[in-house]
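Read through the structure below, which is laid out as structure tokens, and then see the notes.
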Amino acid sequence: MNNVKVFGLMALLTALVMGIGGAVGGQGGMMIALLFAGGMNFFMYFASASMVLRMYGAQVVERPQAPELYDMVDRLRQRAALPMPTVAIAPQEQPNAFATGRNPEHAVVCVTQGLMRVINGDELEGVIAHELAHIKNRDMLLQTFTATLAGAISHLGQMAMWGAIFGRDDEEGGGGGLMMFILAPIAAMLVQMAISRQREYKADAVGAQICGRPLALASALEKLDAYSRRIPMHVSPAAAPLAQVNPLAAHSGGVASLFSTHPPTEKRTAALRLLASR
């Protein structure tokens with residue numbers, strides 16, 4: 001089902017870009033836009049994970065660089081019966097984590113530097129197990145593609161607006177630029193619709209099974225939520241839904257409010273405590 005949604009989003013992206021190309025350049029613009037959209041779809045399918053890592057400023061690490069983290073991921077992925085994912089660290093002070101990639105064979109688990117400083121070993125296992133659950137549930141392709149889709153459309157919107165200002169200033173060209181500018185909030189809504197809150201609840205439950213400590217994951221989520229409200233993270237709103245808790249919680253209102261795709265942490269921890277009591 002996730003793959004069907006991804007291909008649906010690809011088709012929507014193609015239609016959006018073609019419509020804008022037609023508005024700006026007529027039939028010729030539509031054909032150029034079709035070629036552009038095809039290339040963008042192909043590129044995002046294979047390179048979207050790298051784009052997400054760049055959004056977070058993350059770097060891939062090998063075992064000698066972070067042996068304890070690497071061994072923990074390796075141990076937990078064996079419990080989950082998954083291939084070894086690539087491990088990455090983002091130089092962010094806010095404690096958080098995310099998984100990305102197009103399938104379990106090309107997956108990445110990324111944690112922030114702040115995460116490894118503020119939680120204990122059991123809690124870190126819970127956080128990593130949650131991200132491995134996203135990989136096991138095959139959520140990453142949809143999550144990664146929608147994040148890069150939102151970022152790409154927002155970027156195109158800015159380009160079109162500048163083109164309308166410094167290029168063609170006739171009614172047709174200006175209308176196309178304005179249309180692209182409007183697509184940025186639409187991209188945010190696409191992320192909201194494509195990434196269901198239920199995926200987080202499911203990843204919590206499966207992650208608790210992988211690490212065997214639902215209460216440790218619940219404790220970690222409470223800490224991550226508290227720190228996310230105090231320590232801002234400078235990351236594209238398009239990539240925010242990938243994180244384990246909302247990384248933009250410290251930012252009030254504005255664009256950040258469009259990306260409230262995470263369920264309330266209190267409800268997530270309550271579900272984990274109920275799971276632990278059974």
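The values are calculated or read from the model by the stated rules, or taken from the named source; none is laboratory data. Keep in mind that what you see is a predicted model, and the values were worked out from it rather than measured. Positions of Cβ are generated from backbone atoms using ideal geometry, with glycine treated the same way; all protein chains shown enter the neighbour counts.
Residue check: is Val108 in contact with a helix residue (DSSP H, G or I) (Cβ under 7 Å, 6 or more places away or on another chain) and part of a strand (DSSP E or B)?
Against the criterion (in contact with a helix residue (DSSP H, G or I) (Cβ under 7 Å, 6 or more places away or on another chain) and part of a strand (DSSP E or B)), Val108 qualifies.
Search region 210-241 for residues being small (Gly, Ala, Ser) and over 21 Å from Gly126 (Cα atoms), and hand back the single one that is surrounded by the fewest Cβ atoms within 10 Å (Cβ to Cβ).
Only one residue tops the list, namely Ser236.
On the basis of being small (Gly, Ala, Ser), modelled with pLDDT of 65 or more, over 18 Å from the mean Cα position of the chain (by Cα) and under 23 Å from Ile89 (Cβ atoms), does Gly212 make the cut?
no
Taking only pairs six or more apart or across chains, which ones have beta-carbon atoms under 6 Å, a first residue in region 112-125 that is touching a residue at least 60 places away in the same chain (Cβ under 8 Å) and under 13 Å from Leu76 (Cβ atoms), and a second residue that is of a type outside the set (Gly, Ala, Ser) and outside any helix (DSSP H, G or I)?
These pairs meet every condition: Asp122/Arg213.
Within the bounds of region 62-70, is there any residue that is among the basic types (Lys, Arg) and modelled with pLDDT of 95 or more?
Taking every residue of region 62-70 in turn, at least one turns out to be among the basic types (Lys, Arg) and modelled with pLDDT of 95 or more.
When Gly163 is evaluated against the numbered criteria (1) under 17 Å from the mean Cα position of the chain (by Cα); (2) modelled with pLDDT under 95; (3) small (Gly, Ala, Ser), which criterion, by number, is the only one it fails?
(1) is the only condition that Gly163 fails.
Scan region 228-278 for residues that are modelled with pLDDT under 85, in a helix (DSSP H, G or I) and among the hydrophobic types (A, V, I, L, M, F, W, C) and jot them down.
Ala238, Ala239, Ala240, Val255, Ala256, Leu258, Phe259
I need the full set of residues from region 196-209 which are buried (at least 23 other Cβ atoms within 10 Å of the Cβ) and free of Cβ contacts under 8 Å to residues at least 60 places away in the same chain, in order please.
none
Condition (residue is on the phi < 0 side of the Ramachandran plot, in contact with a Phe, Trp or Tyr (Cβ under 7 Å, 6 or more places away or on another chain) and either surrounded by 13 or more Cβ atoms within 10 Å (Cβ to Cβ) or of a type in the set (Ser, Thr, Tyr) (or both)) applied to region 75-89: is it met by at least one residue?
Yes, region 75-89 has at least one match.
Assess whether Ala88 counts as being outside any helix (DSSP H, G or I) and either of a type in the set (Gly, Ala, Ser) or closer than 21 Å to Glu123 by Cβ (or both).
Against the criterion (outside any helix (DSSP H, G or I) and either of a type in the set (Gly, Ala, Ser) or closer than 21 Å to Glu123 by Cβ (or both)), Ala88 qualifies.
For residues that are of a type outside the set (Val, Ile, Thr), modelled with pLDDT of 95 or more and assigned to a helix (DSSP H, G or I), tally how many sit in region 118-158.
11
Need pairs with beta-carbon distance below 6 Å; first residue touching a residue at least 12 places away in the same chain (Cβ under 8 Å) and over 19 Å from Glu105 (Cα atoms) and within region 40-62, second among the aliphatic types (A, V, I, L, M) and in a helix (DSSP H, G or I); sequence gap 6+ or separate chains.
Going by the 6 Å Cβ cut-off, the qualifying pairs are Asn41/Met10; Met55/Ala239.
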